[in-house]
Amino acid sequence: MVYRYFALVILLTVPLWIAGYFIDTAPHLPIALPVSALMAFLPAAVALVFVWREDGAGAAKRLLARSFDWHRTLNKLWYLPAILFMPAALVIGYAVQKSMGVELPEPRIELLVIPVFFAMFFAAGLGEEIGWQGYAYDRMKGSALQAALIIGTVWMVWHIVPFFQTGRSTEWVVWHCGVTILLRIVTVWLYVNGGRSVFIAALFHAMCNVAFFLYPVYGSHYDPVSTFAVLGIAVAAILWLWGPQTLARFRFARD
């Protein structure tokens with residue numbers, strides 16, 4: 001059923017991919033965001049239909065209600081990495097680029113833009129994570145890492161067309177695809193340690209996009225190569241400390 005879910009999400013996305021080549025949003029937005037980005041709401045929509053058919057309207061309402069299930073996260077300290085992980089990774093990536101002599105503009109962050117971006121990307125994050133984590137992940141077998149890699153691969157493929165529609169080079173897309181898979185592993189890590197909260201997954205998803213589109217000026221000069229390197233080290237540490245089987249058994253936890 002999960003793989004049918006993935007296939008239907010991708011199939012329903014095709015018209016939006018096509019529309020992305022004919023409808024130009026650039027004059028209306030300060031960031032590179034094609035109209036195909038509206039696909040963000042399809043994973044949740046398809047998941048709700050599947051749950052409705054499987055278990056009835058009540059189950060679909062319960063899945064939708066998980067949009068704000070922050071009560072599942074008993075240890076509120078998990079909100080810190082959910083909020084700060086990606087901004088910190090990009091700050092480190094910026095420092096790496098600077099140290100290599102790359103000419104970068106000074107960061108220019110308009111404070112009034114941040115809540116607008118956050119609201120927009122949190123809504124989109126819920127549109128995805130209700131499906132990817134709340135529906136698909138909870139129905140997958142195998143280790144947490146295996147499930148993360150499967151969902152991450154689907155997530156990556158699903159994004160390739162929009163990546164190209166932003167005018168990026170093939171090299172950029174290839175490296176950012178790697179970033180996408182690493183971010184799904186981090187999302188699963190936060191999800192399982194955050195009490196399987198869709199809210200914390202959507203929060204992390206939103207902060208990734210907010211950080212990306214503010215780096216350092218509306219997403220300009222973002223380098224997926226340095227970001228992949230930083231995230232690769234961070235994910236390796238997560239796998240070593242929490243273990244690939246569950247991503248939730250901290251190596252140094254007290255019994």
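The values are calculated or read from the model by the stated rules, or taken from the named source; none is laboratory data. Computed from a predicted structure; not experimentally measured. Because the Cβ atoms are built from the backbone with ideal geometry, glycine has one as well, and the counts that use them run over all protein chains shown. Please note that ligands, DNA and RNA were not included when accessible areas were found on the heavy atoms of the full protein model with its side chains. Shrake-Rupley method; radii C 1.70, N 1.55, O 1.52, S 1.80 Å.
Data for the structure
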item	result
Percentage relative contact order, region 160-255, counting C-alpha pairs under 8 Å, at least six apart	29
Loop-located chymotrypsin sites (Phe, Trp or Tyr not before Pro) in region 103-175 whose Cβ has at most 12 other Cβ within 10 Å (DSSP)	none
Binned Cα-Cα distance frequencies in region 143-216 - 10 Å width, integer %	19, 48, 29, 5
Karplus (6.51, -1.76, 1.60) ³J(HN,Hα), θ = phi - 60°, over region 213-230, in Hz, Gly and Pro reported as x	7, 9, 9, x, 9, 6, x, 5, 6, 4, 10, x, 5, 5, 5, 4, 5, 5
With at most 16 other Cβ atoms within 10 Å, longest stretch of the chain clear of loop GluC sites (Glu not before Pro) (DSSP)	111-255
Whole-percent carbon and sulfur share, accessible surface of region 40-192, 1.4 Å	70
Net +/- balance of residues flanking residue 42 in space, Cβ distance below 14 Å, scoring K and R +1, D and E -1	-2
Alpha-carbon gyration tensor eigenvalues x 5, square-rooted, for region 148-187, Å	19, 10, 7
Convex hull per residue volume in Å³, alpha carbons only, for region 29-101	160
MRE, 222 nm, helices only [DSSP H, n ≥ 4, -39500 (n - 2.57), over the chain, to nearest 500]	-21500 deg cm²/dmol
For the chain: relative contact order, % (alpha-carbon pairs under 8 angstrom, 6 or more apart)	28
37 °C / 0.692 mPa s Stokes-Einstein diffusion coefficient of region 1-151, Kirkwood radius on C-alpha pairs, µm²/s	179
Mean accessible surface per residue for region 50-156, computed with a 1.4 Å probe while every protein chain stays in place, in Å²	55
Per-pair calculated FRET efficiency, R0 = 30 Å: residue 59 and residue 10 via Cβ, rounded to 0.05	0.80
At most 10 other Cβ within 10 Å, DSSP loop - chymotrypsin sites (Phe, Trp or Tyr not before Pro), region 1-92	22
Pair-distance profile P(r), taking every C-alpha pair of region 207-249, with 5 angstrom steps and integer %	6, 20, 18, 18, 15, 12, 8, 2
Length added when fully stretched, residue 170-residue 22, from 0.36 nm per residue minus Cα-Cα	51.2 nm
Candidates 11, 203, 231: whichever shows maximal mean-square fluctuation once the chain is modelled as a Gaussian network with Cα springs under 10 Å	11
Descending semi-axes in Å of the chain, equivalent ellipsoid built from Cα gyration tensor	28, 24, 17
Reachable aspartates and glutamates from residue 61, criterion Cα separation under 20 angstrom, eight or more residues apart if same chain	69, 128, 129, 138
